[in-house]
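Remarks on the structure that follows.
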Amino acid sequence: MRFFFYTILFTIIFFTKSANAQNIENIEIIGNKRISDETVLVLGNIDLNIFFDDQNLDKILNNLYSSNFFADVRLSLDNNTLKIDLIENPIIENIEFIGVKNKRLISLIVDKIYSRNRVSFSKIKAREDLNIIKDILKQNGYYFSEVNISQNLNEELNSTNLFIDINLGNKAKINKIKFIGNKILQNTYKEIFIKKI
């Protein structure tokens, strides 16, 4: 009885999925300006030979978003045609640091953040960069810094200039270190600490 029930359930699920799936004969890509149709197909890992169901469409959607090239991706199936409607992320033309003159500090930040010249701007990555910058500043003693990232978008060229505004605040300094406890261990810890410094 249970076997019969599961057989029927499996059949219903299988045919429901099959009904929602389509064989695709054409792919129509809209909204891409800088990125070629061929690149979109590669980024999405899109192949006409696969059976297009909801699961495969979700994979394509995730693949395209994960590339960070697109601000918006919409997929639809219509008369055996897969339509891909895209809005590209703008290209970063220039990054300007405001409020920091220390070249070593700027170099540390530039080496770690995702955003850089000639790379697609991503709001998600910019938020991650914000946290990375704050961590770098804390590691260098700036615990009270404030960081803001803004942009100047050129819609015609679909490009942007990024402005990273940093207010360092006062640098934290260690005025005194006091070792307490066993005197023998104190001297050992002092020697180790001084060597590390």
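Which GluC sites (Glu not before Pro) does segment 21-106 hold that lie in a coil by DSSP with at most 11 other beta carbons within 10 Å?
Filter output for segment 21-106: Glu25.
Around Asn32, which amide H atoms from residues at least 5 apart in sequence, or from another chain, sit under 5 Å from its own amide H, with H modelled in the peptide plane?
Leu86
Please work out the FRET efficiency for the pair Ile87 and Asn45, using the Cβ-Cβ distance as r and a Förster radius of 25 Å; give the result to the nearest 0.05.
The computed FRET efficiency comes out at 0.80.
What's the FRET efficiency of Gln139 with Asn94 using the Cβ-Cβ distance as r and R₀ = 22 Å, to the nearest 0.05?
That gives a FRET efficiency of 0.25.
Once you list every other residue whose beta carbon is under 14 Å from the beta carbon of Tyr143, what net charge do they have if Lys and Arg are +1 and Asp and Glu are -1?
That works out to +2.
Name the trypsin sites (Lys or Arg not before Pro) in segment 46-125 that are in a loop by DSSP and that have at most 14 other C-beta atoms within 10 Å, would you?
Lys101, Arg116, Arg118
Given Cβ point charges of +1 (Lys, Arg) and -1 (Asp, Glu) and nothing else, what value in debye, to the nearest 20, does the dipole of segment 91-167 about its Cα centre take?
360 debye
Grab the beta carbon distance between Glu146 and Asp58, set R0 = 35 Å, and tell me the FRET efficiency rounded to 0.05.
0.35
So how much slack lies between Val110 and Arg127, counting 0.36 nm per residue of separation and subtracting their Cα-Cα distance, in nm?
4.6 nm
In segment 118-161, which GluC sites (Glu not before Pro) fall in coil by DSSP and have 11 or fewer other Cβ atoms within 10 Å?
Loop-located and lightly packed - Glu155, Glu156.
Would you kindly derive the ³J(HN,Hα) couplings of segment 109-123 from the backbone phi angles with the Karplus curve 6.51 cos²θ - 1.76 cosθ + 1.60 (θ = phi - 60°), listing them in order in whole Hz, with x for Gly and Pro?
Computed from phi, the couplings for segment 109-123 are 5, 4, 5, 9, 7, 6, 5, 7, 4, 6, 10, 5, 6, 10, 4 Hz.
Compute the Cα gyration tensor for segment 91-167, then decide on rounded, prolate or oblate, letting a ≥ b ≥ c be the square roots of its eigenvalues: rounded whenever a/c is under 1.5, prolate when a/b is larger than b/c in the other cases, and oblate in all that remain.
Prolate, since a/c reaches 1.5 and a/b exceeds b/c.
None of the figures in this text is laboratory data; all of them are computed from the coordinates on show. Predicted, not measured: the structure shown is a model, and the values here were computed from it. Positions of Cβ are backbone-derived with ideal geometry, glycine not excepted, and every protein chain shown enters the neighbour counts.
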